[in-house]
Structures are given as C-alpha cells and as structure tokens.
1. Would you work out the charge dipole size for segment 34-91 about its Cα centre, treating the Cβ of every Lys and Arg as +1 and the Cβ of every Asp and Glu as -1, and quote it to the nearest 20 debye?
2. Give me the mean projected area, in nm² to one decimal, of the convex hull enclosing the Cα positions of segment 34-91.
3. Given R₀ = 35 Å, FRET efficiency for Lys72-Val41 by Cβ-Cβ distance, to 0.05?
4. With label points built 7 Å along Cα→Cβ from the Cα atoms of Glu9 and Leu54, find their separation and express it in nm.
5. Would you tally the net charge around Asp69, using a Cβ to Cβ cut-off of less than 15 Å, leaving Asp69 out, and scoring K and R as +1, D and E as -1?
6. Under a point spin-label approximation (7 Å from Cα along Cα-to-Cβ), what is the Glu31-Ala64 distance to one decimal in nm?
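All of the numbers you see were taken from the coordinates with simple rules; none came from a lab. Just so it is clear, the model here is predicted, and its values are computed rather than measured. Note that each Cβ is placed from the backbone with ideal geometry, even for glycine, and that neighbours are counted across all protein chains shown.
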Amino acid sequence: MATRARAGEHRKATFTLPAEVLDAMRHLVDEGVSPSQSAFVVEALQKEIRSWRLEQLRAEFRQAASDPDFLKDIDDSVRDFAVADAETARMIP
C-alpha cells in the first residue's frame, strides 16, 4: 500500500529521460529558469498534476451537468434559498 509523503519530505527517484529533454532542462536551469534540475522536475510534475486534476474536475462537472438528479437538486436548492437571496440582495447598497 502506498503512503503519502509528509510535507517537506523528499525521496530519491531515478528516471530515464530522452537526451533532448534532459539537455533542454539543463539548458533552462543554466539560464536561471529554475534553481536546479530537481526543482525543475518538481515544478513540471506539479504543473502536470494540477492540469490532470483540473481536467478530472471538468469531466465531473460535464457529467453532473447531464445528471437529472443533480440538476433537480440544484433547482430545489435555488428555490429553497430564493427568499433569503432576495432579502440579502435588497440589503446591498
């Protein structure tokens, strides 16, 4: 079973990368884009993970948007709060 790393904990990993990717990364580090190769890899992976999670969330929203039960629940909630929302709106200058 996989365990989650604690905040700030680092673990060593070995990857095989295409030479042109490694060369490009080293060049960018030399240009000051990132303080180190490790930092560059961490930043790139974090960006990719965020992108993947965002796409998963978008897929869930697309699925929810076509789910009749979910849409009914949203409509019910809007109706339930209509009076309170109107009262609050009148309080806004």
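1. Approximately 360 debye in magnitude.
2. About 7.1 nm², averaged over all directions.
3. Efficiency computed from Cβ-Cβ geometry: 0.15.
4. Distance between the two pseudo-spin positions: 2.9 nm.
5. Net charge in that neighbourhood comes out at -4.
6. With each label point 7 Å from Cα toward Cβ, the separation is 4.0 nm.
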